[in-house]
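Quick notes on the structure that follows.
The values are calculated or read from the model by the stated rules, or taken from the named source; none is laboratory data. Keep in mind that this is a model prediction, so the values were computed, not measured. Reconstructed Cβ throughout: ideal geometry from the backbone, glycine too, with neighbour counts over all protein chains shown.
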Amino acid sequence: MSSAVATRYPEVVDVAIVGSGPTGSAYARILSEEVPGVTMVMFEVGPTVSDPPGAHVKNIEDPDARAAAQRASEGPGAGAATVNSPGAVKSGERRARPGTFLLEDGYAFPGEDGLPVAAMSSNVGGMSAHWTGACPRPGGRERIRFLPDLDELLDEADRLLGVTADAFDGAPFTGLVRERLAAAVDDGREPAARVQRMPLAVHRRPDGRLVWSGSDVVLGDETRGNPDFHLYDESLVTRVLVDGDGAAGVAVRDLRTGETHEVRARAVVVAADALRTPQLLWASGIRPDALGRYLNDQTQVVYAARIRDVDLGEGTEHAAPAEGGLSEQSGVSWVPYTDELPFHGQIMQLDASPIPLADDDPIVPGSIVGLGLFCAKDLQREDRIEFSDDEVDAYGMPAMRIHYRLTDRDHEVLDRAREEIARLGAAVGEPLDPRPFTMPLGASLHYQGTTRMGEANDGESVCNVDSKVWGVPGLFVAGNNVIPTATACNPTLTSVALAVRGARRLAGELVADLASVEKEH
Ligand SMILES: Cc1cc2nc3c(=O)[nH]c(=O)nc-3n(C[C@H](O)[C@H](O)[C@H](O)COP(=O)(O)OP(=O)(O)OC[C@H]3O[C@@H](n4cnc5c(N)ncnc54)[C@H](O)[C@@H]3O)c2cc1C
């Protein structure tokens, strides 16, 4: 279908990567490091909104430029009102977070719970240009039992994402918050499951400024400096090309010209988020039984408390709060998941109260504590995303339809999470909320399972342990969609770890291919 008009794309490459979020970027980085000389293209439907490409928008100092970058990431939802804090979510309006846009329709059906605030980002860097950067490790049943190398892969994911645990050590009251949480939680827990600093994808520059990791950090200089790697933004991949030997390339629409071109490739990696990865496979006629199934999200409850019973003068010594919910004054603590309490706690010290306070009641930085618990879902095959053969979405891709229900067990876990968060809030300070608030489903932005990994091609998984799609040689999938377990912890570290494993496998295959070509000559 290549057009006669000059195209910015090459005709043939070794590897085509769809999506520029952290998981697609992990493939580009590992391949750049392990198989120099391999030609790679990365296609991203959204625009470049930050510099270096894929950088977190929070690193943009000018607030107007930052807001413009967020709007430019909101795809067909750009211009709609967004909402930045759980407090505002309580208004009940269906709103997206800045930098994201909501599924327009098909998010809920009568008699089902649906995912009313299922969201996506369309920009170079994907959601990682907007994320909070929490990178906890999975524990207990969150872990993928058939991956013996999971810990080493998670170490590598830490490296690619630039994860640190000490960026907020100087923040006021973080030690106090952790002490109070630990007193309420740690008894009887294994060391790994005790209250601790949240590992975060953030580092401090030598001048002390915080730099949040986005895909730019995952790509690194190794990929940016690789003359055989090219990133094309505003490029919608509409189809994975498949021939008798498996994946053979992609059809890509240049959104700048409207022209569609074919780019041949020896391998294709689809890392287009948990909703759009199965969408692209469906659009390509690749429709394994488990495609879109076992969709799971982490139902989230939130609560807030205020520290009042210590000398708050300690907090006022620090500089004035910066824009946004998380800044120089903030600390983030982690209450890990356990199989007995199947939720994961992200405790953030905020500079703004999620509920209005009196004008003559100034907030001491770090003294407002926002608590969030994410619950692991009871996995069901019927929880799924389906795609229409007749209707299309704003990009012209098959329209999505989400079928999603909470089970009795999910409701029971949620009740326990609400009880636990109220207990944690009271342990930390004076509760600000009358009762815990349950966020609308989809608010966690942690959708998983829709192209899940499995050990066997038994209809219950879409790809193997190396993220290779069953029955389609040369096709890899990446993202939270690959995670087969019901995690409660923020999933990106885990999905980057799985991408590392897939990328290593692909690197091995490319090297073997090159060796056999050389032998033939
Ligand atoms: C506000 C916010 C806070 C978050 N906080 C955390 C957190 O603290 N910890 C955590 O683990 N996770 C967090 N997340 C989620 C995290 O950002 C995602 O898990 C992560 O970005 C997923 O990476 P990915 O590469 O799979 O997909 P994405 O980052 O979503 O990237 C996928 C990319 O593919 C592109 N794409 C889709 N379809 C096509 C197509 N057909 N052709 C070309 N391109 C296409 C999209 O435009 C997108 O840019 C947060 C997200 C948000 C928005």
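Of all residues in segment 12-26, those satisfying the criterion of being within 15 Å of the ligand (Cβ to nearest atom), not in a loop (DSSP other than H, G, I, E, B) and not β-branched (Val, Ile, Thr) are ALA16, PRO22, GLY24, SER25, ALA26.
Out of segment 470-512, which residues are on the phi > 0 side of the Ramachandran plot and either in contact with a His (Cβ under 9 Å, 6 or more places away or on another chain) or crowded, with 24+ Cβ neighbours inside 10 Å (or both)? The one that is on the phi > 0 side of the Ramachandran plot and either in contact with a His (Cβ under 9 Å, 6 or more places away or on another chain) or crowded, with 24+ Cβ neighbours inside 10 Å (or both): GLY479. Scanning segment 129-167 for residues that are more than 30 Å from ALA72 (Cα to Cα) and either among the hydrophobic types (A, V, I, L, M, F, W, C) or at pLDDT below 95 (or both) gives ILE144, PHE146, LEU147, LEU150, LEU153, LEU154, ALA165, ASP166.
Considering segment 195-239, and only residues there that are hydrophobic (A, V, I, L, M, F, W, C) and touching a Lys or Arg at 6+ places or on another chain (Cβ under 7 Å), the residue that is farthest from VAL268 (Cα to Cα) turns out to be VAL195. Among the residues of this structure, GLY331 does not count as one that is small (Gly, Ala, Ser), modelled with pLDDT of 95 or more and buried (at least 24 other Cβ atoms within 10 Å of the Cβ). Only one entry in ARG29, ARG8 is within 15 Å of the ligand (Cβ to nearest atom) and surrounded by fewer than 16 Cβ atoms within 10 Å (Cβ to Cβ), namely ARG8. The condition of being surrounded by fewer than 16 Cβ atoms within 10 Å (Cβ to Cβ) and among the charged types (D, E, K, R) holds for only one of ASP390, ASP410, that being ASP390. Across segment 396-441, the number of residues qualifying as touching a strand residue (DSSP E or B) at 6+ places or on another chain (Cβ under 6 Å) and within 30 Å of GLY285 (Cβ to Cβ) comes to 6.
Checking the stated criteria, VAL250 turns out not to satisfy the condition of being within 21 Å of the chain's Cα centre (by Cα) and either buried (at least 17 other Cβ atoms within 10 Å of the Cβ) or in contact (Cβ under 8 Å) with a residue 12 or more places away in the chain (or both).
Selection over segment 257-274 of residues that are under 20 Å from SER122 (Cα atoms), surrounded by fewer than 24 Cβ atoms within 10 Å (Cβ to Cβ) and touching a Ser or Thr at 6+ places or on another chain (Cβ under 7 Å) gives a count of 2. Taking the numbered list (1) assigned to a loop (DSSP other than H, G, I, E, B); (2) free of Cβ contacts under 8 Å to residues at least 40 places away in the same chain in turn, GLU460 passes all entries but (2). Among helices (runs of 4 or more DSSP H) entirely within segment 115-231, having at least 3 residues that are within 17 Å of ASN480 (Cβ to Cβ) and within 16 Å of the ligand (Cβ to nearest atom) singles out 150-161.
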